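The values are calculated or read from the model by the stated rules, or taken from the named source; none is laboratory data. In this text the structure is predicted, and so the values were computed from the model without any measurement. Cβ atoms come from the backbone with ideal geometry, glycine included; neighbour counts cover every protein chain shown. Keep in mind that these areas ignore ligands, DNA and RNA; they rest on the heavy atoms of the full protein, side chains included. Shrake-Rupley method; radii C 1.70, N 1.55, O 1.52, S 1.80 Å.
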Amino acid sequence: MEATAIHALLQSRFGDAVLDYVDSYEKGSLVAAGRVGEIATFLRDDATLGFESLMSLTGLDWDGYDATGKGKSVDILGYDELGRPETSDRVGDGDLGVAYALYSPRHGHKHTLFVRVPRAAPEVASVAAVWPTAEWHEREAWDLVGIRFAGHPDLRRILLDDAWEGHPLRKDYAMPGAWQGVPLDGRDYAAGKWTEADVTLPDDVKRPEDAKLPDTGNQG
Amino acid sequence: MSETATGRGWAEQDVRRELHSELLEINMGPQHPATHGVLRLLVRTDGEIVHGVTAHIGYLHRCAEKIAEGCDWRQWMVYTDRFDYLAPINMNFGYAVAVERMLGVQVPERAEHIRVICAELQRIASHLIAIGTFGLDMGAWTPLLYCFREREEILNILERLTGGRMLYNYFDIGGLRFDAYEGFERDVLDFVNIMEQKIPEYDTLLSYNKIFIERTADVGVIDVATCRAYGCTGPVLRGAGVPFDCRKDDPYSIYDRFEFDIPYGEGEQGTVGDCWDRYMVRMREMYESCRIIRQAVDALPGGPVKAEDLKKLVKVPQGSLYTRTESSKGEIGYHIFADGGSKPFRTKVRSPSFSNLHVIEKVGPGMMLSDLVATVGSLDIVLGEIDR
């Protein structure tokens, strides 16, 4: 099915929840963040659509993307020549978002769903119940971009340490100068400015050991 | 097929109730030879029966996606090497195809052919490791040595070609960094001639070995519905009996010109989608790769290896595209968002092993502990690609 037809079908079914047709290199629909769950269920279960496969789920920070659109988006913060974290007084103000790349093995067509949420309240309905593969992808989007997925069974960090602060893929993320008291710049260490005593381990950190294992109901 | 022969059967046995003991949590990893890298599986067991698996990943995380936002489009190619360090060429290929599609660049014929030859050589090299280490997990030491013997030949060719032994950084946006050396075709054909004779050797050594079949057939069955739901691709999906391959079903580069078959699992030794099927798909794919290489070498034209109308500093017009290609592990996807500038705005890497590993949390419960090792081995995961 053509992407325009898929979009029209979604529009007739969900009305206001389908906001816009996205005509980029890939074709897709911009939909409302709160209703992604039901739209996803429909996309998967409808016989003419059959999007059984969620190829990829991307969390992203749109900050600076639409403002210029000419490649003038903000530079990310890194480290200066001396190895110290760069700082900036700029405050990120763009939306956050999620993109779902879908594929239908039965019909061979693709469609991409886009969602935008305000930076202040980045919450999107989870699709982990529709496509279980989204469970890990959503955890990754939470970990790296800081998008909350409502209804996710186990939303915790996946790639970074549980004690990590901030979400690195946000455009206004400042690189840390130290990790739990240990400076990331090796020169401080070499100059003797740092000792073991400086290490600070937060005690309220939820370690992976404490994470609850899924109950399989198989205990006899 | 007896009930107890399946991994799942044990947990449903009545005898379990009498033997029920307290659940024990044990760690597989982070440094365990059977986990293929720094993966930590937290396993909850009752005796030898697995009741729950939780995977803890991220030990190799480098946030390459953040690095991408600070590099220009060409510079990031070198980081794609570091995802799947057993098949870097396949990772390069995916990124190159993704950016070229967005730019609308026509890659010269010669470059396309050399790309395909390299990618298929790399696929064989990666599958050799998968097969060798899988044998190792099952207690078969010898096949690993044979597999590394052939892999060495591939590494030698790629070293002569690119200068690197493990990480090549050979592909470039719009073509290749430099042309192939003189005698490349002959080296490749020599290798393919040897390789095709070696595959039956592996079969007698490992594939149809009675002990190996006992350990892998009917074990760790992953069916089609589970594969679709959990996003499993590559040999895992094909092992479940679906002949889906991006090279054929979502064609890129010049794969549509070559004649090759897609092997898939048929449950020859047990159930469709068991460990043996996944293993055998890889074995047969090596043969198909040899076929593709022969055709590509035959058709290898002369000419340039770089798109000439491309600037040094490329700028991709605004927009987004998800592109997938077939790596040795499965579908490697790059979801790229460009803002019209000289750097990627956001690059999401959808790595095949990431989803292929996730399924272990679903199929793990109910297995014997030793079958869990077999299943993880048969998934052929690479942590560099999972953690990125």
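For region B:31-124, the share of alpha carbon pairs falling in successive 10 Å distance bins from zero is 13, 32, 26, 17, 9, 2 percent. For a test of the definition: using alpha carbon positions, the gyration tensor, and the 1.5 limit on a/c, classify the protein assembly as shown as rounded, prolate or oblate. The shape class here is rounded.
Along its first, second and third principal axes, ordered by size, region B:285-367 spans 58, 41, 15 Å in Cα coordinates.
Could you tell me whether region A:1-48 comes out rounded, prolate or oblate from its Cα gyration tensor? Rule is a ≥ b ≥ c as square roots of the eigenvalues, rounded for a/c under 1.5, then prolate if a/b exceeds b/c, otherwise oblate. Working shown, then result.
Values: a/c = 1.63, a/b = 1.15, b/c = 1.42.
Judged from the Cα gyration tensor, region A:1-48 comes out oblate (a/c at least 1.5, b/c at or above a/b).
Ligands, DNA and RNA excluded, the heavy atoms of B:Tyr208 present near 110 Å² of accessible surface to a 1.4 Å solvent probe. For A:Ala129 and B:Ile199, what does the FRET efficiency come to when R0 = 41 Å and r is the distance between their Cβ atoms, rounded to the nearest 0.05? Here the calculated transfer efficiency is 0.40. Cβ screening of chain B for cysteine pairs under 4.7 Å finds these without a partner: B:Cys63, B:Cys71, B:Cys118, B:Cys147, B:Cys246, B:Cys275, B:Cys290. Mind listing, in residue-number order, the residues in region A:26-63 that have at least 30 Å² less accessible area with every protein chain present than in their own chain alone (1.4 Å probe)? For region A:26-63, once contacts with the other chains are taken into account, A:Glu26, A:Glu52, A:Met55, A:Ser56, A:Thr58, A:Leu60 lose 30 Å² or more.
If you roll a 1.4 angstrom probe over the protein chains with everything in place, what fraction of the accessible area of the protein assembly as shown belongs to carbon and sulfur, to the nearest %? Each step should come with its number before you reach the end.
Working: 12040 of 23710 Å².
Of the solvent-accessible surface of the protein assembly as shown, carbon and sulfur hold 51 percent.
Given a cut-off of 25 Å, name the pairs among B:Lys248/B:Lys315; B:Lys198/B:Lys329; B:Lys311/B:Lys343; B:Lys248/B:Lys329 whose C-alpha atoms lie farther apart than that in the structure shown.
On the way: B:Lys248/B:Lys315 30 Å; B:Lys198/B:Lys329 22 Å; B:Lys311/B:Lys343 14 Å; B:Lys248/B:Lys329 16 Å.
Among B:Lys248/B:Lys315; B:Lys198/B:Lys329; B:Lys311/B:Lys343; B:Lys248/B:Lys329, the Cα-Cα distance tops 25 Å for B:Lys248/B:Lys315.
Its relative contact order, with pairs defined as Cα atoms under 8 Å and 6+ residues apart, puts region B:306-388 at 23 percent. Rolling a 1.4 Å probe over the protein heavy atoms leaves A:Lys110 with an accessible area of roughly 80 Å². Taking a point 7 Å from the Cα of A:Met175 along the Cα-to-Cβ direction, the residues of region B:56-75 with backbone N closer than 16 Å to it are B:62-72.
Total accessible area buried between chains B and A, 1.4 Å probe, in Å² to the nearest 100? Kindly include the intermediate steps, with their values, before the conclusion.
Values: alone 15670 and 13060 Å², together 23710 Å².
For B against A, buried area totals roughly 5000 Å².
Accessible area per residue for region B:143-239 in Å², computed with a 1.4 Å probe and the full protein assembly in place, what is it? List each step's numbers first, then the result.
On the way: 4010 Å² over 97 residues.
For region B:143-239, the solvent-accessible area averages 41 Å² per residue.
Taking B:Tyr181, B:Tyr146 and ordering them by how much accessible surface each has at a 1.4 Å probe, largest first, produces B:Tyr146, B:Tyr181. With the whole protein complex present, B:Ile381 retains an accessible surface near 10 Å², based on a 1.4 Å probe. Sorted largest first, the principal axis extents computed over the alpha-carbon atoms of chain B equal 74, 46, 32 Å.
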